Every structure is written in C-alpha cells, then in structure tokens.
1. Provide a single number: the residues in the stretch 232-253 that are more than 24 Å from E203 (Cβ to Cβ) and among the hydrophobic types (A, V, I, L, M, F, W, C).
2. For the stretch 191-205, state whether one or more residues are touching a Lys or Arg at 6+ places or on another chain (Cβ under 7 Å) and part of a strand (DSSP E or B).
3. Regarding the stretch 468-481, can at least one residue be identified that is of a type in the set (G, A, S) and either assigned to a strand (DSSP E or B) or surrounded by fewer than 23 Cβ atoms within 10 Å (Cβ to Cβ) (or both)?
4. Would you be able to say whether some residue in the stretch 88-95 is at pLDDT 95 or above and surrounded by 19 or more Cβ atoms within 10 Å (Cβ to Cβ)?
5. L217 - would you say it is crowded, with 22+ Cβ neighbours inside 10 Å, modelled with pLDDT of 95 or more, more than 20 Å from the chain's Cα centre (by Cα) and in the same structural domain as K88 (by the TED database)?
6. Residues that are assigned by the TED database to the domain that holds R471 and either surrounded by 15 or more Cβ atoms within 10 Å (Cβ to Cβ) or in contact with a His (Cβ under 9 Å, 6 or more places away or on another chain) (or both): find the helices (runs of 4 or more DSSP H) completely inside the stretch 295-411 holding 1 or more of those.
7. Conditions first: (1) out of contact with any His (no Cβ under 9 Å at 6 or more places or on another chain); (2) closer than 18 Å to F486 by Cα. E178 passes all but one, so which condition is the exception?
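The values are calculated or read from the model by the stated rules, or taken from the named source; none is laboratory data. All of these numbers come straight from a predicted model, not from anything done at the bench. Every residue, glycine as well, gets a Cβ built from its backbone with ideal geometry; the counts of neighbours run over all protein chains shown.
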Amino acid sequence: MSFRQMVPGLVLAFSLISVTASAAPPEPGHTAGGGGVLSLLPPDAVSDHVLATDGKTVPYTATAGTLDLFGQDGQRSAAIFYTAYVAKNRDANRPVTFVFNGGPGAASAFLNLGLVGPRIVDFGPDGRDGANAKLVDNPQSWLEFTDLVLIDPIGTGWSRTAKPDDQNDFYSVGGDAESLAKAIALYISHNGRATSPKYILGESYGGFRSVKVANSLREDQGILISGIVMLSPLLEGRFVFGEGGDALSAALELPSLAAAELERQNAFSEKAVQDAQTFALNDYLPVLAGPPPAGDAARAFYGRVAKLTGIPEDVVARNQGFLSRAYRKHSDGNGAAIASAYDASFLAPDPYPQLEAEHGGDPVLDGFVRAYGGAFSSYARDELGFHTDMTYTLLSGAVNSEWKWGGRNGGSRATTGATDDLKELLSLSPSFRIMVGQGYSDLVIPFGVNKYVLDHLPQALADRVALKLYRGGHMFYTRPASREQFTTDAKAFYAGQVQAAPSAKSN
C-alpha cells in the first residue's frame, strides 16, 4: 500500500520558546547542488530551539540536512536526508539514537512527528482527523533522554540518487542496510559521536532494517550498537506474508482480532486478551491444523470464534476459521464498515458495500496518518529553515514495489527474517539489549507473531529482550496514552531498567 498524494493545507500551531535559523556550511565532503535532482537540495539548515518537557527545559540544536554517498569513481551517487536534534551542554555519556521507519519505502516523518521529535501532529479530539491536523509541542519527546538523528532511506523523504538508474542499487535488503550504515558512520564522524552510546529505533520494516543496519555497522564500519528499540517490527516474513491458510499464523493473529473486538465493545482488559491467547494456542490452533470440524462440534467452535472476534458465525464457518481474509470486510458484523489492518479496532464506512471483498485504501494508512507528509514538509521549511522545491515522499509505492527481498541466493519477503541477526547481535555483545513495543490490535504484524518469535530465542539471550504491549495498532503512538507509556518504558530501557520477565518476556 502506498500514499499517492500529500494532504496540503495543514494548520500549524507554533509555540517554540526560541528559534534561530541559519544555513550551515556543508560538512567535509558535502556538496550542495551538483546538477540533477540533487541540485534541489539546499545546504544544511541549523536552528536553535528550547523544548519544554516534564517541568524542565532542554535547549537543543536542530539540523535538517543531507549526508552524501560516493561511488568508486569518487562522484556523488546519492544524498540521504536527515533531521538531527542534539541537546546543548550534553554530558559525554548522553546517547544518540538513529531512527528510521519501515515500508520499506517510508520516510522518518512518522516517528519524527508521531513519537520522538520535539514537535508532534495532533489529529484532534478523536485522534483521527487528518484534515484538521496541527503541529504542537511534544511533552514526551525522547530528546529528554537521547539525542535523535532521523534518517530517510533512499527514495523516501528528500533522499535521492544522483542518477535515476542508480536508485535500484539501494532498493534491496542488503543495499539499504549498507547505505544507512554508511550514513550513520558519516554522521558519527562529522559530529564527534564515536564515544557516545548508540541506539537504533525502527518501526515495522524499520525494525527488520534496524537489525540489518546494526550488523552492517559492526561488520563494515566497526561501530557497535548498545541497543535497539523496535516498534511493531517485522521479524519473520513467513508469519506475515503467507497466503492466509497457515494454522500457526492464524492462531498467532487471533488474539489481535479479539483485542480489537474488545476495544469496539469498550470491554478491553489485559486478562481478556490473555484468555484469547490461551484459546488461540490450546484450542483454536489444533482445530485449524486438523480436518475441519463438522456438526455440533463445528457450530460450537465457529460460534466461539465469532463471539471472540465479532465476525459473523456464517463468515467464520465459510472460511473454516481462517479469518485473515475476512476481518476487514466483516469485523463490524453487518458489513457497513471496513476495518483497518493497521488498527483492527478502527472502523470507517465501507465505500464499496456491494462488493464481496474489501476494496480501496486502508482507513489508517491511507487516511489520517498521511497528514504526516504535509506537516513535515511545512515544519522543515518554516521551523527548521530547510527550503527545497523537491517533493517530500512520505511513503513510496515505487520503493515498495521494486524492493528486492532476497539475498545472493534469491528469496522472497515470505522467506526473509531477522531472527538469526538478532541472535548474533545478542551473542556477540554481552551488553546489547532489545525492547520491542507492539499494539494489541495490530494486524499488519500481530503482537502474537513477535511474542512467538521472541519466546523461542535461546534462553541465554532472552533475558536481554523485553516485549511491551500497548493499546492501539501498528502505529499505537497515535494514541496519546500509549505514546506516553511507550516513552516512559523507553526512558527506563535507556537507563537499563527494563528487563524481560523470567518466563513470558512481556508485560
């Protein structure tokens, strides 16, 4: 899925304490302009601000700029756009966190204006009005406890190759990881951060990307990462990109469907979700793995699944209990609304009620969150002083469709995974830690999938991995309460206070 256009006309509310903007000279090796599309990129813009958070102020410097990559011929091959927020008067041990989103063709504006940055998009009282979104101060900015460098991979944001034909060199698992590792190494070198504790935050494919980048940093750049925070990460493609007929994948998804129904009925509780998990693995999975039930057994089983998920019993029976293809069209029970894969509790009127299958955009991905693109473009221009006529690409359909998932031996997104990379990172660095945040009602990457993956890590490694669950979906940070709790947990993680539970490894 992709955003095909941006939403203009956002109302921006500015309340920074102080702002000064200036064009900084290029870093060593940086060449502004240079012909082609890269000539639209201006020199780096540096501005001073003050963040008010938790009763105190944090003076910081913001930089909106680019990092240049060069080919073997010494010519600039690409420019990677980044936004950095660095606290002033920092101590030597203050960490720096490198942030990117997923897609794989997503820009970092989601996490910048949705979670960690000093400014945040407010979607109104109901949290879903993109047309009237406004930019406000973020009282839970992660800048309180870490410096931030938000990076847009090639083909997203304002990151581009010098020659159009070169972009495919970056549209692969390996090429993407290598280019981002190089960009991180350049930033560390240019800004004297070699001795700072270094972390990575990645969302969705960005979680997968973060592990690949961490390994590339270690292998190619000699840079070791202290920890990774993952938000709704892709860890194993076989559970996410299947055809919908795998019993284990269906069982790992079912608790998210149950959580969404509990939300819709205003009956959510962690105990109820835990009960759904128990049913999914102890009752639902064995039935789906065997011959379809018949007679009274079928009616009792399908009826229980229908009550748990809100999907009509006849629809559950028609699909023999496999619900991944039915939930969007039928989760409201009467077919008048369509559910979002990004938050299954989120319903919107079905634009095509006459069709048997869902059709059209996702209510969350293609709805209100697309306002992040227009909001960031205005923010970069008006507050950070970065002026360009290049279009800011929030989510690139071209990157997603042209992505090469396989390695040297081929492969597909359904066979790709990051578990082995995680094991190596945990094994080779005894202080390396991971925190994973998941939304209960996420169906893009159900929390049960990653709980299963993390529960099966070797016990000697698992004690440094924590799974945290929050109300909401794939982008649970659009809910203020979940965003605040996740930030609190992240702050404790950076302070070394978040540990995995002895058995469940989750909260």
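1. 4
2. Scanning the stretch 191-205, I find at least one residue that is touching a Lys or Arg at 6+ places or on another chain (Cβ under 7 Å) and part of a strand (DSSP E or B), so the answer is yes.
3. Checked the stretch 468-481: at least one residue is of a type in the set (G, A, S) and either assigned to a strand (DSSP E or B) or surrounded by fewer than 23 Cβ atoms within 10 Å (Cβ to Cβ) (or both).
4. Within the stretch 88-95, not a single residue is at pLDDT 95 or above and surrounded by 19 or more Cβ atoms within 10 Å (Cβ to Cβ).
5. Yes, satisfied.
6. Once the helices (runs of 4 or more DSSP H) in the stretch 295-411 are filtered for at least 1 residues that are assigned by the TED database to the domain that holds R471 and either surrounded by 15 or more Cβ atoms within 10 Å (Cβ to Cβ) or in contact with a His (Cβ under 9 Å, 6 or more places away or on another chain) (or both), what remains is 371-382, 397-402.
7. Result: E178 fails condition (2) only.
Here's the yes/no breakdown for (1) touching a helix residue (DSSP H, G or I) at 6+ places or on another chain (Cβ under 8 Å); (2) basic (K, R); (3) under 30 Å from G65 (Cα atoms):
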| site | (1), (2), (3) |
| --- | --- |
| F301 | yes, no, no |
| P312 | yes, no, no |
| A317 | yes, no, no |
| R325 | no, yes, no |
| S331 | yes, no, no |
| D343 | yes, no, no |
| P353 | no, no, no |
